[in-house]
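The values are calculated or read from the model by the stated rules, or taken from the named source; none is laboratory data. All figures in this text were calculated on a predicted structure; none of them were measured in a lab. Cβ placement follows ideal geometry from the backbone for every residue including glycine, while neighbour counts extend to all protein chains displayed. Surface accessibility is based on the protein's heavy atoms, side chains included, excluding ligands, DNA and RNA. Shrake-Rupley method; radii C 1.70, N 1.55, O 1.52, S 1.80 Å.
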Amino acid sequence: MAKLTTNYLGIKLKNPLIVGACNLSLDIDQARRMEDAGASAIVFKSLFEEQINLESLELEDDLTEYAERNAEMINLFPSLQHAGPEEHLDKLAKTKQALGIPVIGSLNCVHADTWVEYAVEMEKTGIDALELNMYAYPDNFEKSSAQIEQEQLDILKSIKEKISIPISVKLSPHYAGILHLVKQMDEAGVNGFVLFNKLIQPDIDIKAVEHEIPWSLSNPSEHRISLRFIGLLYKNIKADLCGNRGVYSGGEMAKLILAGANAVQVVSAIYQNKEAHITTMLNELNAWMEENGFASLDDFRGKLSNAEVKDPFAYKRAQYVDIMMKPFELLRKYPML
């Protein structure tokens, strides 16, 4: 039996498979089943400030809907306020108490002061680490990419000053200079990076002629962008690396670890195949390691990273022209071409 233990964010994990932030963690019984299936840690569903703000507005609308119908109805309903993040924090604390594996909180906010406020409150629940779910879509024509990155870097530094538990940052791949940003965050003391966030993209229903926001699972090929940047970052930063998006098998876990990952996060594979698939993936990883003579993850972590391979373009090719420079190799692998 191969040794699957790993270290992530300064926490020793029994294996590299972490359940990523999702609704599956909201049910404690479901969380226990994922733990029993072999998950080494769980990232609790993200606390979104935007969602709390929307719920607060909806509550206010409901309470004042009939307020002006006539004078007698103005005081019909008692004065109530939305509970804010308290319900989420309570569920997070109960999940931490119920599980024997590490529980990581996840946070996404809109305002700089709220990032710090909620981070402090989440640490009080007893979680083992905090994952900052950071992303920014370019929806402001006046704000430069440098401004966006500096704002996020400032938020990170403010949170680091206020909490003591390990911090990871979950990023999207849509940054112009993502390696530079990661390097700056690494120098600011981040303990780990999760690459990458899966963002919902808009769509248009041409029958109804209206916008829609479809919900879809990741597909297995999506782990390749994570593999690219993990391979580039390995040995170039101090923080740990965690692969995310489209990880469905033990083989894909092995790929990301070969590139340099300390751990991987899995969500879509569990939605599609239920929690028993966690055991399947770990068995597949173990079988691959034994077949290749690897006794532990350290035996092959980063073995195919950019820092270790001889091919200087392994992680830098992005256009077909680079691949076509090796036509005979390509034809041997894909004879149908």
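Can you name every residue in the stretch 149-176 that is in contact with a helix residue (DSSP H, G or I) (Cβ under 7 Å, 6 or more places away or on another chain) and part of a loop (DSSP other than H, G, I, E, B)?
163, 165, 173, 175, 176
Within the stretch 177-215, restricting attention to residues that are of a type in the set (Gly, Ala, Ser) and in a loop (DSSP other than H, G, I, E, B), which residue is farthest from residue 108 (Cα to Cα)? Let's see the steps before the verdict.
To start, the set of residues in the stretch 177-215 that are of a type in the set (Gly, Ala, Ser) comprises 177, 188-189, 192, 208.
Okay, now just the ones that are also in a loop (DSSP other than H, G, I, E, B), so 177, 188-189, 208.
Working: 177: 21, 188: 19, 189: 19, 208: 32 Å.
Restricting to residues being of a type in the set (Gly, Ala, Ser) and in a loop (DSSP other than H, G, I, E, B), the top hit is 208.
Please enumerate the residues belonging to the stretch 175-207 that are closer than 17 Å to residue 226 by Cβ, in contact with a Leu (Cβ under 8 Å, 6 or more places away or on another chain) and either without any contact (Cβ under 8 Å) to a residue 12 or more places away in the chain or open to solvent by 50 Å² or more (accessible area, probe 1.4 Å) (or both).
Of everything in the stretch 175-207, just one residue is closer than 17 Å to residue 226 by Cβ, in contact with a Leu (Cβ under 8 Å, 6 or more places away or on another chain) and either without any contact (Cβ under 8 Å) to a residue 12 or more places away in the chain or open to solvent by 50 Å² or more (accessible area, probe 1.4 Å) (or both), namely 179.
Can you tell me which of (1) within 30 Å of residue 259 (Cα to Cα); (2) among the small types (Gly, Ala, Ser); (3) part of a helix (DSSP H, G or I); (4) touching a residue at least 40 places away in the same chain (Cβ under 8 Å) is the one residue 146 doesn't meet?
(4)
Taking the stretch 1-51 on its own, how many of its residues are more than 17 Å from the chain's Cα centre (by Cα), assigned to a loop (DSSP other than H, G, I, E, B) and farther than 16 Å from residue 127 by Cα?
8
Could you count how many residues in the stretch 126-150 are closer than 17 Å to residue 181 by Cβ, in contact with a Lys or Arg (Cβ under 9 Å, 6 or more places away or on another chain) and modelled with pLDDT of 90 or more?
Within the stretch 126-150, residues that are closer than 17 Å to residue 181 by Cβ, in contact with a Lys or Arg (Cβ under 9 Å, 6 or more places away or on another chain) and modelled with pLDDT of 90 or more number 4.
Within the stretch 147-174, track down each residue that is under 21 Å from residue 124 (Cβ atoms), of a type in the set (Ser, Thr, Tyr) and open to solvent by less than 30 Å² (accessible area, probe 1.4 Å).
The answer is 168, and nothing else.
One line per residue, one yes/no per condition, for (1) in a loop (DSSP other than H, G, I, E, B); (2) open to solvent by 20 Å² or more (accessible area, probe 1.4 Å); (3) among the small types (Gly, Ala, Ser); (4) at pLDDT 95 or above:
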| site | (1), (2), (3), (4) |
| --- | --- |
| 269 | no, no, yes, yes |
| 281 | no, no, no, yes |
| 288 | no, yes, no, yes |
| 329 | no, yes, no, no |
| 335 | yes, yes, no, no |
